1. Limited to the stretch 179-197, what total is found for residues that are open to solvent by 10 Å² or more (accessible area, probe 1.4 Å) and either in contact with a Gly (Cβ under 8 Å, 6 or more places away or on another chain) or more than 16 Å from G160 (Cα to Cα) (or both)?
2. So is A221 touching a strand residue (DSSP E or B) at 6+ places or on another chain (Cβ under 7 Å) and touching a residue at least 40 places away in the same chain (Cβ under 8 Å) or not?
3. Taking R144, is it crowded, with 18+ Cβ neighbours inside 10 Å, in contact with an Asp or Glu (Cβ under 9 Å, 6 or more places away or on another chain), among the basic types (K, R) and in a helix (DSSP H, G or I)?
4. With the structure loaded, tell me whether P474 is over 30 Å from I426 (Cα atoms), surrounded by fewer than 21 Cβ atoms within 10 Å (Cβ to Cβ) and either out of contact with any His (no Cβ under 9 Å at 6 or more places or on another chain) or not aromatic (F, W, Y) (or both) or whether it fails that test.
5. Exactly one of (1) surrounded by fewer than 24 Cβ atoms within 10 Å (Cβ to Cβ); (2) over 22 Å from W79 (Cα atoms) is unmet by D355. Its number?
6. Of the conditions (1) surrounded by fewer than 16 Cβ atoms within 10 Å (Cβ to Cβ); (2) touching a residue at least 40 places away in the same chain (Cβ under 8 Å); (3) closer than 28 Å to T278 by Cα, E479 fails just one. Which one is it?
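The values are calculated or read from the model by the stated rules, or taken from the named source; none is laboratory data. Keep in mind it's a predicted model, so treat the numbers as computed, not measured. Neighbour counts run over all protein chains shown; Cβ positions are idealised from the backbone, glycine included. In case anyone asks, the SASA skips ligands and DNA or RNA and just uses the protein heavy atoms, side chains included. Shrake-Rupley method; radii C 1.70, N 1.55, O 1.52, S 1.80 Å.
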Amino acid sequence: MKERTITRVATDVLILGGGSAGIWAARQAKLEHPELDVLIVDKAAQDWGGLMSLSGGDLEVTMPGEDPGEWVQDLVYYWDGLCDQLMMREIWEDSHNVFSTYQDLGLEFFDLPEGGYRSVPQRNLPHIRLYPYKYKGTGGAAMRDALVGEMNQLGVRRMGRIFITEFLKRDSRVCGAFGFNLVTGEAYEFQCACVVNASGSPSYKPTYNNNTCTGESILAAFRAGASLRNFEFLNIWNVPRQFAWEGQTILMPLGAKFVNRFGTPVMEPYSPVLGSNTDPHYLTRAMALEISQGRGPITLDMSAIREEDRILIRPQTGSQLLHYNKLMEEGIQFFTDPLEWIPQIQMVIGAIDADVQGRTGVDGLFAAGRCRSLDPGVYMGGFALTTTAVTGRKAGAAAAEYACGSDRPEPDRDPALQAAQVMDRIGREGSSAHDVLRQIQTLMAPYDVTILKTREGLERAQKGLDTLAAEVLPRLGSESPHYLAKALEVEAIAEISRLYVTASLFRTDSRAGHYRQDYPDRYEDWLCWVILHNEDGQAVPHRQPVPVEQYPYPVTGYYRDNFTF
């Protein structure tokens, strides 16, 4: 075992993740308690802004005079009852504060000559609406730049290229974290009063905007005693086969639709009322069935979108403009030519179970953004930018209050032992993380594992993941700190996939983003969340009934009943 120097860094509030949730948490903590030291640590470059930087910048907002309760009722229906009504009401009530703050920071949204703002209805729901950023393709980067300016003024410290591997504890309290610089290999022990985990959803590194978040911090929270929720749900998008595109949640309400090889609208036999203007998880379900039955490829028909509406989706700068211009150079007209789209797994929806203030049930550990669970695998455009900001605000405020007057205890476990276990892997030859990731993706990609789930498909994936864990993952190479980080990411993706399979096998009905071909019906005794508890190192699923009798709105309808699969 090599002796390693560990750099110790002390702070009051340690925030893991520098995306929307992490920055909003840091901002709120400093606004409410300027005397506290707040530090953001991110494994990507400092101030990169997370997936917010690559987003369109659109928000879902309840405007003054609107009833947030009506938006909650939309979600009760849309999420097939799996809605924490009290939490979501608080989020919608706070959403306009986020909108106003961005405006105060100089961001612009589409306004109307008669007053108010241009909006786009979402998923054929009565109330929930998306408010597009004024300059397509620039919103997320503008949000990042404005918030980074705020952090500079408030004195929030930031560190980039730091990979966190474990939360450190004193007795039952989280009081720090261990990590390393993925460029230099320098080891770090972070000591703090409390931690806000805001690191994002675990993804499969599919396309341009999901290459960073892989779930290792969610697993670290699970090992520290936090419970997990909604792991049976995946985020599955329909994406162009040959290029990346952001914003189909605007395309569909404006009239775009998917058609099969015969020119027939894909959703016509499955949902003639809603058609293509619905959630991607229902669209990809129909696409998978059409392709399986020989009616692919699937293309996007945008001929019904009016010319005056194209300003909402034609990019003006950023990566989307690069894609758009490349298509034009290749002679492909985005709005008029048929473009093939396919289903693609983006990420696992499952995350940490936490309350609206981000409390996880583990002393000293808070969660914010997409690494804490909210939705059951169906969502709306602009939802993530709103919820990451609001949950970041709330967790930052709660963590700052916790840190006031709290000490920074020494951890039970000597960080040198963790440093040796992790860092001694550097220089080890072995399997390529890229190749192993491909093996995981191959196990998870079949329709009967992800979109049209069956016990046979899930158990096949489970067996393959067990074999990988036993025979392949122990041989991963780590020839440098950078490749050590890649190996740890792949290990996390494999373990996250096992949790997904466990939860998917456990839930034997179909609702929201979860569809079992062998259990295609909805059963009332499954009006519950699947919670994964850490029991002696094993993830054990349990049912947590939705407390509808304590909520203000009864479950009177189910969005999934609009579909016949």
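1. Going through the stretch 179-197 one residue at a time, the tally reaches 2.
2. Values: touching a strand residue (DSSP E or B) at 6+ places or on another chain (Cβ under 7 Å): yes; touching a residue at least 40 places away in the same chain (Cβ under 8 Å): yes.
Here the answer is yes, as A221 does meet what is asked.
3. Working: crowded, with 18+ Cβ neighbours inside 10 Å: yes; in contact with an Asp or Glu (Cβ under 9 Å, 6 or more places away or on another chain): yes; among the basic types (K, R): yes; in a helix (DSSP H, G or I): yes.
Criteria met by R144.
4. On the way: over 30 Å from I426 (Cα atoms): no; surrounded by fewer than 21 Cβ atoms within 10 Å (Cβ to Cβ): yes; either out of contact with any His (no Cβ under 9 Å at 6 or more places or on another chain) or not aromatic (F, W, Y) (or both): yes.
No, not satisfied.
5. It fails just one condition, (2).
6. (3)
A quick yes/no check of all residues on (1) open to solvent by less than 20 Å² (accessible area, probe 1.4 Å); (2) at pLDDT 90 or above; (3) under 30 Å from R170 (Cα atoms):
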{"site": "F334", "(1), (2), (3)": "yes, no, no"}
{"site": "P338", "(1), (2), (3)": "no, no, no"}
{"site": "G350", "(1), (2), (3)": "yes, yes, yes"}
{"site": "R359", "(1), (2), (3)": "no, yes, yes"}
{"site": "P376", "(1), (2), (3)": "yes, yes, no"}
{"site": "F383", "(1), (2), (3)": "yes, yes, no"}
{"site": "R393", "(1), (2), (3)": "no, yes, yes"}
{"site": "G396", "(1), (2), (3)": "yes, yes, yes"}
{"site": "D407", "(1), (2), (3)": "no, yes, yes"}
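Listed here are the residues, each with its yes/no results for (1) modelled with pLDDT under 90; (2) out of contact with any Leu (no Cβ under 8 Å at 6 or more places or on another chain); (3) in a helix (DSSP H, G or I).
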site	(1), (2), (3)
M267	no, no, no
N277	yes, yes, no
T284	no, yes, yes
E308	yes, yes, yes
L322	yes, yes, yes
G331	yes, yes, no
D363	no, yes, no
